[in-house]
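Written out below as C-alpha cells is the structure these notes cover.
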Amino acid sequence: MNKIETQQDSYQGSAWNSESFACQKPRPKQGALLKLLQGGDPLPWTQANATIPVSMIEEHTPAEIKQRLKENKGETHWDENHYHAGSLNKWGLIYFYLTAFSKGICTMIAPAFYLFIFVSSFFDEDVTYSDLSTTIYIYTVYIFLPSALIWGYFEASGRGYLPMPWFMKVVKHFTFSRSTGLVTRYKNNKELYSHPFSEFDCYLVSSPNHQGILSYQLHLVHRYHRYYDSIPLHTFTTSEQPDELKRIWNLIQRYMDTSQPMPDVPELEPARAKDPTTAAWDAKNNRKPDYWFSMDDVEFEEALLELQAKQRFKPTQGPEIDLFSGGTQAG
C-alpha cells in the first residue's frame, strides 16, 4: 500500500507558515547611512496573494521549459523543495559564447559561403577550379569543421549523450528552501550564511542611472547580521518597474509559505502535484494539471495578456502580517 504524503512528511518544523509563526525579535536600530543604503524601510511582510510578475514568466514559454526538462532528464533549478539560483563560471561562459558563435558559423555563415563559391564559379571567369578547391578546403578544414565539432559537442553533452566539459561548473548564488524554510547565500560555491526566511527583510532600492532616470533593485537582507552580501531578488526578472519587483517579493513569500499553494507559474507546474498544500488546493479548485503546459506559444501569449490586464488594478502584495507581535511567543 502506497504511503500518502502529508504536510508533516513534506515540511520540516523550520518551514515558513504565515498562519503560525513565532514572533521575531525587534529590528536593530539603523543608522542614517545604513537606512539610506538600504532604501529606507523594508517592504512589508504579507500573507502573499496570487499575483505573479508577468515580466518573469514571459521570458520562457511552456514549450521551452518542457524542452529544457527533457534535455536535463527532469532536473530543474526550481521545484516543490528548493529554488536554486546560479550561473556558469568564467570558463563556462566563454565556452557558451564560443558555441553560440560556432553555431552561427555552421547554420548561417557556412551556407552563405558555399552558395557564394558556387555562384562565383559560374559568373567569374577568372576563378579557376584550383582556386575554388583551395578556398573550400581551407574554409572547411580550418573554420567549418572546428565550429561543427564545438557546436556538436555542446548539443550532444546538453542532451546527455556525451559528458559535459570539465570546466562547465555552476557557481551557486543562493537557495530558497520551501521544505526547510531556510535561505542560504553562497560565495565561490561555499556557504556564506543560512538563516530562516522570517529573519530577512526585503528592500526596494532606487538609484539614478547615468541618464538621471531612476532604476530599481530588490535585495533580501538578513535582519540581525550585517553581512556584506545581500540576496539580489531583482535577478528574477529583467523588469525594473517597482510594481513588478514588489510582485517578485510577493511571489517569494508565496513560494516559501507552506500554508498556501505555490505560485501558479509555468516553471513550477511539474512540481505542483508533489507539494501537499498545492496539490490539495489544485484538487479543491479543479485546476488543470497541465494548465500552462497544454498551451502553445500563441495561447501562452494570450494568457499572459489576460493575466496582465487582470492584475493591473489588484494589489501587488497580500494583507500585511506583523512578524514581531502577530505570531506566537517563542518559548
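Using only side-chain charges placed at the Cβ, +1 for Lys and Arg and -1 for Asp and Glu, the dipole size of the chain relative to its Cα centre rounds to 1520 debye.
Each of D322 and K70 was given a label point 7 Å from its Cα along the Cα-to-Cβ line. The distance between the two points is 5.4 nm.
Per-residue extension of 0.36 nm, minus the Cα-Cα distance of L98 and L305, leaves a gain of 70.9 nm for this segment.
With the simple spin-label model, which puts each label point 7 Å out from Cα in the Cβ direction, the A280 to Q12 separation comes to 2.2 nm. Highest mean packing comes first when the peptides 220-230, 173-183, 43-53 are listed by Cβ atoms within 10 Å, giving 173-183, 43-53, 220-230. Stretched out straight at 0.36 nm per residue, the stretch from S294 to S206 would grow longer than its current Cα-Cα span by 27.8 nm. Computed from label points 7 Å out along Cα-Cβ, the spacing between D41 and Q241 is 2.5 nm. Relative to the current alpha-carbon distance between L149 and I109, full extension at 0.36 nm per residue lengthens the span by 12.8 nm.
Computed from the coordinates by the stated procedures, all read-outs in this text should not be read as laboratory data. All of these numbers come straight from a predicted model, not from anything done at the bench. Please note: Cβ atoms are built from the backbone with ideal geometry, for glycine as well, and neighbour counts cover all protein chains shown.
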